[in-house]
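Notes follow the structure.
The values are calculated or read from the model by the stated rules, or taken from the named source; none is laboratory data. Being a predicted model, the structure only gives us computed values, none of them experimental. In this analysis, Cβ positions are derived from the backbone assuming ideal geometry, glycine residues included, and neighbour counts consider all displayed protein chains. Remember, those area values only see protein heavy atoms, side chains included, never the ligands or the DNA or RNA. Shrake-Rupley method; radii C 1.70, N 1.55, O 1.52, S 1.80 Å.
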Amino acid sequence: MPAQPLNRICYVEDDADIQRIVRMSLEKIGKMTVEIVGDSTCAVEAIIAFKPDLVMLDWMMPVMDGPAVLRKMREHAETKNLPVVFITAKASQRELDELRAMGAAGIISKPFSPKNLPDQLRGIWHGLP
């Protein structure tokens, strides 16, 4: 379990409505600091600049999907060990297994409960080695 509390979240998501819901949930309910990145092609640079405790990735985004962002993160010393949680509407067991095999720390299904999202992330955080 990580020694420090979960405070800084970077969320890579192209949908503005979901961005707003996640920001409100994590900032207002979870009392976390949130950085939203709407363009997956510049996600790794934004993650490096923000220095989050944990990264949340949407699976399906234009140009570069969540798994591609994760692969790019693993190429950089600053981001290669950051825990990543996917938020996805994809729910087939094969696809979920694929994300876990890539090193996802957790997976949260859409639709999710904004009220419960901070606790879901903290649960994943506390389960990390």
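Brief remarks on what is shown
- Set Ala43, Ala49, Ala91, Ala77: member being assigned to a loop (DSSP other than H, G, I, E, B) and modelled with pLDDT of 95 or more: Ala77
- For region 101-129, filtered to residues that are among the charged types (D, E, K, R) and out of contact with any strand residue (DSSP E or B) (no Cβ under 9 Å at 6 or more places or on another chain), the residue that is farthest from Asn7 (Cα to Cα) is Lys115.
- Glu98 fulfils the conditions (1) surrounded by fewer than 19 Cβ atoms within 10 Å (Cβ to Cβ); (2) in a helix (DSSP H, G or I); (3) at pLDDT below 90; (4) touching a strand residue (DSSP E or B) at 6+ places or on another chain (Cβ under 9 Å) except for a single criterion, (4).
- Residues satisfying the stated conditions in region 15-26, i.e. open to solvent by less than 70 Å² (accessible area, probe 1.4 Å) and either touching an Asp or Glu at 6+ places or on another chain (Cβ under 8 Å) or more than 18 Å from Ile124 (Cα to Cα) (or both): Asp15, Ala16, Ile18, Gln19, Ile21, Val22
- Verdict on Glu35 being at pLDDT 95 or above, touching a Phe, Trp or Tyr at 6+ places or on another chain (Cβ under 8 Å) and either part of a loop (DSSP other than H, G, I, E, B) or not β-branched (Val, Ile, Thr) (or both): yes
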